[in-house]
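Please read the structure below before turning to the comments.
No value in this document is a laboratory result; all are computed from the given coordinates. These figures come from a predicted structure and were not determined experimentally. All Cβ positions, glycine included, derive from the backbone under ideal geometry; neighbour counts span all protein chains shown.
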Amino acid sequence: MTVPEYEPVIGLEVHAQLKTSTKIFCGCASVFGDPANTHACPVCLGLPGALPVLNRRAVDMAICMGKAVNCTIRDKSIFARKNYFYPDLPKGYQISQYDMPLCEHGWVDVRAHGTARRIGITRIHLEEDAGKLIHDQDADSLFDANRCGTPLMEIVSEPDIRNAREAFAYLGALKRILSYLDICDCNMEEGSLRCDANISLRPKGQDIFGTKTELKNMNSFRGVEKALEHEIVRQTELLDSGQAVTQQTFLWNAQKNRTEPMRTKESAHDYRYFPEPDLTPLVVTCERVEELAQALPELPQARFERFTNEFSLSTDHADVLTESRAVADYFENTVREGADARAAATWVMGEVLRMLKEGPRDPALLKVSPKRLAAVLALVASQTLSASAAKRVLGHIEERDCEPEDAVESLGLRQISDTGALKRAVREVLDKHPAECERYKAGEKKLLGFFVGQAMRSTKGKGNPREINRILNELLN
Ligand SMILES: [Zn+2]
């Protein structure tokens, strides 16, 4: 009997919390971490007679995202009530969009395992978040209304994803775009970016989808990848043993590395969607869409391609350098200040990223500015500084906020390129090792490295290695 091979069919629903200063339907501040119930008004709580007013910035942000992932923007979209009961939802319904979402039919290109894949975007719509329940150690559950009405953008993909790695890459691509547009914090732990997955298996070559399950509660990119891998194995085992997959929702338990059943999935009709009577249809003009599209920054994919073409960077390097817009800007400014692109790439990916990890996180706050880094790299290129000396200089600049020249002076690191001084040092080395000189002259050429090492030591690492090599060749031959 042949074992059927299955193809996973995966679609992701990503909720991105928008970085507006106020909530989506009222003027309450939208902030994370403030004392409970300090940002709640009659609209947040759905008190009788309170009327929602749509936040224009939230609409603009969703349009920007729509344009960035090649969506069509609807000139008229509708808000709908999604009715369900939950203790964190005082109104008894959530205002969302249903059959007429703001953005539709887009796509995003991702790279996984070195291959490019185009993942379709079904829709992007706006909705409000619910409040938050805090289950304390006693039997009580506490309610915090601060999150009620926080603007969310839901990005729904087509079922185009075929494995866990692709899902990971797709999330990474969305996160980059969201952060380049500066419309979401993308912090999965704080919940500003959330992801649910739908997954089914089907025999390879078959067009009809199998029964899907839903995965929730994956609060990291790795969590999404692991949960999908786990679910692929679980469904494969069921199908191989002749059992059926049941439509069900699972919670991912990251501690135990397994999925746990949550509830059987509601269908759309359980929510009794109907158009929100308190809001007029959202009308967006072509001019507004055009204006927002014109103001979009260069997007990560375009920047990635430009970095590989314009600066001849490898795809791996371009990938790392375009991960965040701030790091990409930092790198480009370093090149603009005169640094060689490949050298700048190496140093930004090495020393600068390390300094950011240990220090301020924001490249704009580094004392080693692009201009200062370019100046240090010029000293390396002219062999005034060795690579290891340059690292010490950068550390010194970051600590003291001083200019590269001053750092080099106060550390006493200027490389000795003065031929007279180097010649004296090399002569001393040769005089001290007559036996090695004889062996070298008898043909043991690899001893040259030994002499260079000795000369470097006697100049305390400040001798210019290339010049030392030249002098050694001159004196020995
Ligand atoms: Zn409010």
### Task
Whole number please: convex hull volume per residue, Cα atoms of segment 1-116, in Å³.
221
### Query
To the nearest Å, what is the center-to-center distance of segment 120-152 and segment 274-288, using C-alpha atoms only?
24
### Message
For the chain, give me every cysteine whose Cβ has no other Cys Cβ within less than 4.7 Å, ordered by residue number.
### Response
C26, C28, C41, C64, C184, C186, C195, C286, C402, C437
### Task
Can you tell me the relative contact order of the chain? Whole percent, Cα pairs under 8 Å, sequence separation 6 or more.
14
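With only Lys, Arg, Asp and Glu charged, each at its Cβ (+1 for the first two, -1 for the last two), find how big the charge dipole of the chain is about the Cα centre; round to the nearest 20 debye. Working shown, then result.
On the way: 62 positive and 69 negative charges, 314 e Å.
Taking the Cα centre of the chain as origin, the dipole is about 1500 debye.
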### Task
Rank-order 378-390, 234-246 by packing density, defined as the average count of other C-beta atoms within 10 Å over each peptide's residues, highest first.
378-390, 234-246
### Message
Roughly how far apart, in whole Å, are the Cα centres of segment 384-414 and segment 330-374?
### Response
15
### Summary
Amide H neighbours of H39 at under 5 Å, excluding residues fewer than 5 places away on the same chain, with H built from the backbone geometry, are N146
## Note on the structure
From fewest to most C-beta neighbours within 10 Å, the residues I24, I63 line up as I63, I24
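For the chain, list the DSSP H helices whose alpha carbon atoms reach 30 Å or more along the long axis and whose average Kyte-Doolittle value is -0.5 or above?
Details: long enough: none.
Helix filter hits for the chain: none.
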### Message
What is the ratio of the Cα radius of gyration of segment 106-235 to 2.2 N^0.38 Å, with N the residue count, to two decimals?
### Response
1.20
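Based on the Cα atoms of segment 24-90, what semi-axes does the equivalent ellipsoid have, where each is the square root of 5 times one gyration tensor eigenvalue, given in whole Å with the largest first?
Working: eigenvalues 140, 53, 30 Å².
Taking √(5λ) for each Cα gyration eigenvalue gives 26, 16, 12 Å.
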## Note on the structure
log10 I(q)/I(0) for the chain, Debye formula on C-alpha points only (no solvent), q = 0.07, 0.08, 0.13 Å⁻¹, two decimals, reads -0.54, -0.66, -1.22
## Note on the structure
When the charge dipole of segment 6-289 is computed with +1 at the Cβ of Lys and Arg and -1 at the Cβ of Asp and Glu, the Cα pointing farthest to the positive end, of G33, T115, I208, is that of T115
### Long-range amide H partners of R258 with built H, under 5 Å
N253
### Taking only Cα atoms of segment 384-477, radius of gyration then Dmax in Å
15.7, 53
### Task
Mind pulling up the Rg/Rh value for segment 298-411? Radius of gyration and Kirkwood radius, both on Cα.
0.97
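Using the number of other C-beta atoms within 10 angstrom as an exposure proxy, rank F209, F79, F250 with the fewest first.
On the way: F209 12, F79 26, F250 22.
Final ranking by Cβ density, sparse to dense: F209, F250, F79.
Output the peptides 195-201, 70-76, 340-346 sorted from most to least packed, where packing is the average of other Cβ atoms within 10 Å over each peptide's residues. Working shown, then result.
Details: 195-201: 23.0, 70-76: 16.7, 340-346: 18.3.
Top of the packing list down: 195-201, 340-346, 70-76.
Given contacts defined as C-alpha pairs under 8 Å and at least six residues apart, what's the relative contact order of segment 419-476, whole-number percent? Write out the running numbers ahead of the final one.
Numbers: 37 pairs, mean separation 26.1, N = 58.
Reported as a whole number, the value is 45 percent.
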### Query
For the residues C103, C186, what sequence is obtained by ranking on other C-beta atoms within 10 Å, fewest first?
C186, C103
### Query
In units of 2.2 N^0.38 Å, what is the alpha-carbon radius of gyration of segment 6-289?
1.02
